[in-house]
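The values are calculated or read from the model by the stated rules, or taken from the named source; none is laboratory data. All figures in this text were calculated on a predicted structure; none of them were measured in a lab. Using ideal geometry, Cβ is built from the backbone for each residue, glycine included, and neighbour counts are taken over all protein chains shown. To get the accessible areas, we keep the full protein, side chains included, count just its heavy atoms, and leave off ligands, DNA and RNA. Shrake-Rupley method; radii C 1.70, N 1.55, O 1.52, S 1.80 Å.
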Amino acid sequence: FWRQMRTAAIVRAMAARLGVAIDIANNGEEALAMVRAAARSGRPYGLVLMDLRMPVMGGLEAVRALRARGFAAEGVPVLALTANAFADDVEA
């Protein structure tokens, strides 16, 4: 939980410096719901930053669920964030 709070704070600070508005999900399931709701409202996200190690539903699982629901990479690009840089993480 602490690592997630730090990651969110860093992302918020970086986005603020760039003048970019962001929303932060507390877990992968919430992120999936937010992407779906944004698309339904006609204001889809232009980019999703996804932490690979989130509670409830991990980032990889959430991205796979997005893709399975028709959110193609061309329409909803996802950049993975992780503190882990092991070969298995990079390959996943």
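Quick notes on this structure:
- Distance (nanometres) between label positions extended 7 Å along Cα→Cβ at Met34 and Leu18: 1.5
- Phi to ³J(HN,Hα) by Karplus 6.51 cos²θ - 1.76 cosθ + 1.60 over segment 6-12, Hz, x for Gly, Pro: 5, 4, 4, 5, 5, 5, 4
- The fraction of accessible area contributed by carbon and sulfur in the chain is 58 percent, rounded to a whole number (1.4 Å probe; ligands and nucleic acids excluded).
- Across the chain, the mean sequence separation of Cα contacts (distance under 8 Å, 6 or more residues apart), normalised by length, yields a relative contact order of 26 percent.
- Here the chain is treated with +1 on each Lys and Arg Cβ and -1 on each Asp and Glu Cβ, and its dipole about the Cα centre works out to around 340 debye.
- Looking at the chain, the accessible area is 70 square angstrom per residue; that uses a 1.4 Å probe and ignores ligands, DNA and RNA.
- Under-5 Å amide H pairs with Ala80, H placed in peptide plane, nonlocal only: Met50
- Leu49 contributes an accessible area of around 80 Å² to the protein surface, as traced by a 1.4 Å probe with all chains present.
- Over the C-alpha atoms of the chain, the Rg to Rh ratio, Rh being the Kirkwood estimate, stands at 0.95.
- Given 13 as the ceiling on other Cβ atoms within 10 Å, longest exposed-site-free region of the chain for chymotrypsin sites (Phe, Trp or Tyr not before Pro) in DSSP loops: 2-85
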